[in-house]
Amino acid sequence: MSRTGWLNAALLAAVVALAAFIHFKPAKDAPVEHPLSALKPAESRSIRIERAGAQPILLERKQDDWIITAPFTARADDLRVRQLLEILEARAANRLAAADLARFELERPAVQVTVDGQSFGFGMVSPVTREQYVLTSGAVYAVSPRYGAALPAGAADLASHQLFAPGEDPVRIALRNFTVEQRDGTWVLSGAPRDLSQDDLIRWVEQWRMAAAARVGPLARAKALAEIRIRLKDGGAFTLALLAREPELVLARPDEKLQYHFLADAGKRLLSPPNAAREEPAAKK
């Protein structure tokens, strides 16, 4: 290669190196983000939530599921727990010394969340920046208020609203006046003479399997109006206590010590024989 060629090659290499330096060099005015934690949501095992004047809420991960262990035992809502754990991945533009905590309302935080030993105290929301102050690891961080909005008011807010737990597949649902059950792979309705297809019966069973309550709470002492007996695909079984039909349907699971409150329309669909709702308009004509 000629001297001119070598010179051109050297200039080209210098230009490429300079471009790469400029591209990868952090900008001087790039905002600095401070992580609040090195913990990973997927690896967390325990959560403790303490709110002034209320019983602590305790959660534990058992295998892949979160369970509320206090003040009562219940399956936890996976989405609500994931939202709660997002604080572990929060980053703040501002990190302040943990001094004069009273001005951040962090001297005695209204809510404190402890995940695997690391505590997060939630203080005031700045009226100017609309950021919430969080105390953790010896510093105060200003973060989005959405992390505080994910905090539950009580344990019932974290409980799963699904009547059936994952893996609980009903093969027999026996109400007072009729029963739907699976026999040799075929769904059968007894006690309510209706000419229904397998699709009709499967839809009705799916309504039960996917039933989600409007709210959930600890089991209260109340006399059952009726019982609904459930048998599961894995051989398990449990009995639901029908506590109320109106103005809402209330079903209790004594095995879980919980009761599930359903809206009136959902209650009618669950307690009516399969396809009854679809046939009602025709009957009125």
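The values are calculated or read from the model by the stated rules, or taken from the named source; none is laboratory data. Since this is a predicted model, take the numbers as computed values, not measurements. Quick reminder, even Gly has a Cβ in these numbers, built from the backbone with ideal geometry, and neighbours come from all protein chains shown. Side chains are part of the model used for accessible areas, which takes the heavy atoms of the whole protein and leaves out ligands, DNA and RNA. Shrake-Rupley method; radii C 1.70, N 1.55, O 1.52, S 1.80 Å.
Every condition in (1) under 12 Å from LEU36 (Cβ atoms); (2) free of Cβ contacts under 8 Å to residues at least 40 places away in the same chain; (3) open to solvent by 50 Å² or more (accessible area, probe 1.4 Å) holds for ALA149 except the one numbered (1). Number of residues in the range 46-60 that are out of contact with any Phe, Trp or Tyr (no Cβ under 9 Å at 6 or more places or on another chain) and open to solvent by less than 40 Å² (accessible area, probe 1.4 Å) equals 2. For GLY123, the conditions (1) touching a Phe, Trp or Tyr at 6+ places or on another chain (Cβ under 8 Å); (2) of a type in the set (Gly, Ala, Ser); (3) open to solvent by 40 Å² or more (accessible area, probe 1.4 Å) all hold with the exception of (3). Of the residues making up the range 227-244, none is more than 26 Å from GLN63 (Cα to Cα) and assigned to a loop (DSSP other than H, G, I, E, B). The number of residues in the range 99-115 that are out of contact with any helix residue (DSSP H, G or I) (no Cβ under 7 Å at 6 or more places or on another chain) and surrounded by fewer than 15 Cβ atoms within 10 Å (Cβ to Cβ) comes to 5. Taking (1) of a type outside the set (A, V, I, L, M); (2) in a strand (DSSP E or B); (3) over 20 Å from LEU258 (Cβ atoms) in turn, GLU86 satisfies each apart from (2).
Of everything in the range 176-197 that's aliphatic (A, V, I, L, M) and in contact (Cβ under 8 Å) with a residue 40 or more places away in the chain, which residue is surrounded by the fewest Cβ atoms within 10 Å (Cβ to Cβ)? Residue satisfying both the conditions and the ranking: ALA192. Taking (1) within 24 Å of ALA214 (Cβ to Cβ); (2) modelled with pLDDT under 90 in turn, LEU7 satisfies each apart from (1). Evaluating ASP200 against the criteria (1) touching a helix residue (DSSP H, G or I) at 6+ places or on another chain (Cβ under 9 Å); (2) open to solvent by 40 Å² or more (accessible area, probe 1.4 Å); (3) of a type in the set (Asp, Glu); (4) outside any loop (DSSP other than H, G, I, E, B) leaves one unmet condition, (2). Take VAL250 and tell me if it is over 26 Å from ALA70 (Cα atoms), at pLDDT 90 or above, of a type in the set (Val, Ile, Thr) and in a strand (DSSP E or B). Answer is no for this residue. When residues in the range 227-243 are screened for being buried (at least 16 other Cβ atoms within 10 Å of the Cβ) and among the β-branched types (Val, Ile, Thr), 2 of them pass.
In the range 61-102, the residue that is farthest from the chain's Cα centre (by Cα) out of those that are on the phi < 0 side of the Ramachandran plot and of a type in the set (S, T, N, Q) is ASN94. Looking across the range 29-41, just one residue is loosely packed, with under 15 Cβ neighbours inside 10 Å, of a type in the set (A, V, I, L, M, F, W, C) and modelled with pLDDT of 95 or more, and that is ALA38. The residue list ALA42, ALA54 contains one member that is small (Gly, Ala, Ser) and assigned to a loop (DSSP other than H, G, I, E, B), which is ALA54.
Counting residues in the range 157-175 that are polar (S, T, N, Q), open to solvent by 20 Å² or more (accessible area, probe 1.4 Å) and within 24 Å of the chain's Cα centre (by Cα) gives one or more. Listed here are the strands (runs of 3 or more DSSP E) enclosed by the range 108-156 that have at least 2 residues being of a type outside the set (Phe, Trp, Tyr) and within 23 Å of LEU59 (Cβ to Cβ): 111-115, 118-125, 132-136. Pairing residues of the range 126-141 that are among the polar types (S, T, N, Q) with residues that are part of a loop (DSSP other than H, G, I, E, B) and open to solvent by 10 Å² or more (accessible area, probe 1.4 Å), at Cβ distances under 6 Å and at least 6 apart in sequence or on separate chains, gives GLN132/PRO145.
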